1. Could you give the size of the charge dipole of the range B:136-265 about its Cα centre, using +1 on the Cβ of each K and R and -1 on the Cβ of each D and E, expressed in debye and rounded to the nearest 20?
2. Using a cut-off of 12 Å between beta-carbons, work out the net charge of the residues near residue A:108 (Lys and Arg +1, Asp and Glu -1, residue A:108 not included).
3. Once Rh is set to the Kirkwood radius over Cα pairs, what Stokes-Einstein translational diffusion coefficient, in µm²/s, holds for the protein assembly as shown at a temperature of 10 °C and a viscosity of 1.306 mPa s?
4. Where in the range A:79-133 are there trypsin sites (Lys or Arg not before Pro) that are in a DSSP coil and have at most 14 other Cβ atoms within 10 angstrom of their Cβ?
5. With loop defined by DSSP as not H, G, I, E or B, and exposure as at most 11 other Cβ atoms within 10 Å, which is the longest segment of chain B clear of exposed GluC sites (Glu not before Pro)?
6. Pairs of alpha-carbon atoms within less than 8 angstrom and 6+ residues apart define the contacts here; what relative contact order does chain B have, in percent?
7. Pairs of alpha-carbon atoms within less than 8 angstrom and 6+ residues apart define the contacts here; what relative contact order does the range B:41-151 have, in percent?
8. Suppose every K and R has +1 on its Cβ and every D and E has -1 on its Cβ; what is the size of the dipole of the protein assembly as shown about the Cα centre, in Debye to the nearest 20?
Protein chains: 2
Amino acid sequence: MGRTLGLLACLALLGTSAFLVAAPGDPPIKVASPLASWRDTEAKKAITDFVVRVTVEESSDCVPPAERIAVFDNDGTLWPENPLPFQLAFALDELRRRLPDEPAWKEDPAVQAALKGDLPALLSDHYKGLFRIVELTGSGMTTVEFAHRVRDWFAAAKHPRFDRPYDQLAYQPMLELLQYLRDNGFKTFIVSGGGADFMRVFSERVYGIPPEQVVGSNARTVYELRDDGPVLVKTLDHLFVDDGPGKPVGIHQFIGRRPIACFGNSDGDLQMLEYTTIDNTRPSLGVIIHHTDAEREYAYDAKPKSSGKLVTALAEAPKRGWIVVDMKNDWAEIFTP
Amino acid sequence: MGRTLGLLACLALLGTSAFLVAAPGDPPIKVASPLASWRDTEAKKAITDFVVRVTVEESSDCVPPAERIAVFDNDGTLWPENPLPFQLAFALDELRRRLPDEPAWKEDPAVQAALKGDLPALLSDHYKGLFRIVELTGSGMTTVEFAHRVRDWFAAAKHPRFDRPYDQLAYQPMLELLQYLRDNGFKTFIVSGGGADFMRVFSERVYGIPPEQVVGSNARTVYELRDDGPVLVKTLDHLFVDDGPGKPVGIHQFIGRRPIACFGNSDGDLQMLEYTTIDNTRPSLGVIIHHTDAEREYAYDAKPKSSGKLVTALAEAPKRGWIVVDMKNDWAEIFTP
């Protein structure tokens, strides 16, 4: 690295101001405040104070960039999870699209429940019906074919309430937060119960998070060298559900070190919040996004509309020092205008 | 990113020369040639030609930095695998160290074979004995405890032939190659049959490869919140052996996109070489390190001394366009002097 480049890079890693560094002689380039859609409340201050604390080199709390790992839940944290988690909406649409070519599916109790929109039936008996739907619509094809189907769905489907393509519903304050953390030398990861193969189709384009930084539910593929090249066929073997106590397990398996910042919105993120913040040798930050805005988005915690139950983590927050973001009061914007 | 910083970063990504970029007014900073321990042979030329081809922006073959994924086998590719793969040497030393406290182990046939150094017995019946040794020495403890044991071992153990700590035996030409690729915008990953938890202890320090870019054999941990904080307990459940056809599976699971450059040394790397180079929509490079130097290191292929059998991949190399590195002739140095 050239000397000036090195210096600039160090400054960029340290910089938390609205001014980015230009070469001597250049006028300073003013960019938008990094968290423009956040109101100036306690939540924003807690986040920016933490980032300053771990990035100022003179401080004994400074964390080397390699260890600045930030993990984000996806559904309900980076985008909505209502009226259904978006991946479930995809699976149901896929079911309907493929049903004419798969007559045997009509006899399947899980398919019947799905077509009736009977969510309780799908979720009963340890999500047996739901896994069956995921199996039908997300296995037995190559990883490339699956990615095509997901891409086609995003291009065509719209959210029933907001009338936008699903991938245009990322929360604007969270997009700013992801960028702000990366600008301060953090590596941002998704750690979600959603399927890794599903999320990787859009994570780079929507969140700036590359596929290799997406930890999600997954199962083992099977390698085949076919006449038209090597493929990986999706199965549900060795299914790993990256939720609840599975999240620290996924973090260790895929990232291999403890995060210092964790963002979630439900009790499914409880263990990942614990793993990030309890007895960490580094300073750490835990943040819960609380859905409090029925007018602009949704309001729920103990009684979610689909997934996203939030009771234990919310009760633990004061004791653990986790920041609770009140969407209604702390966010000036919810979606990108 | 400031204007000058952006420009310099682009130049650095493009630069393949021995001169790195300095600010206007600074004298140019000359650094050592990036592949100083490689002789000027066809192998080196093939590698550098490929890197130039995929990094020159005007070229239609230019690959965006995000897709410049390079994968490296570890044992036999980045460091030796003789007289035993280093992780097996660790496991045997651990067995001996802990034996006085584990009297029941003495009755175990796998332990008896290991203590006698009876490698064929350990490897028979689909590696049953070997897995038993790995289970005894690498599960039933927390990930942090395991990492401590590995660290202690590296601090104390020495390679029987080279009389150096094992982690000082990385091949100097490969260290230069890793750095050269990173200097050209590549993200370097290990994809190895070795245990991920073992390799992550030294990968960043020795290879400059952070834990989150280490794909290896792994099994599921169990999360517990103990009085002294959250821990992950190692098990052998859902064991995944990241070797042979498992390597493309691991690449998809952990990285989520096809590499464009792959470096291996044995038939265990065959499928990863295929997955990288056959019908890739991007230009791609496959490289096999051929152990031909009995004097400075080891010479083997069809009849390896421990692991590392190389027959099929070597035979396929001409047809597939894979580069075969002849360690004796292509490398001026093997180890860091």
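What follows draws every value from the coordinates through simple rules; no lab data is involved. Worth saying up front: this structure is predicted, and the values here are computed from it rather than measured. Note: ideal-geometry Cβ built from the backbone for every residue, glycine included; neighbour counts use all protein chains shown.
1. On the way: 15 positive and 15 negative charges, 73 e Å.
Here the size comes out at about 340 debye.
2. Values: positive: A:106, A:128, A:132; negative: A:102, A:107, A:135.
Here the charged neighbours net out to 0.
3. Working: Rh = 26.8 Å.
Approximately 59 µm²/s, per Stokes-Einstein.
4. On the way: sites: A:96, A:97, A:98, A:106, A:116, A:128, A:132; in loops: A:116.
Answer by residue number: A:116.
5. Numbers: sites that count: B:57, B:58, B:295.
Here the longest run is B:59-294.
6. Values: 556 pairs, mean separation 71.8, N = 337.
It comes to 21 percent, rounded to a whole number.
7. Details: 54 pairs, mean separation 17.4, N = 111.
Once normalised by length, the contact order is 16 percent.
8. Details: 74 positive and 94 negative charges, 92 e Å.
Dipole magnitude for the protein assembly as shown comes out near 440 debye.
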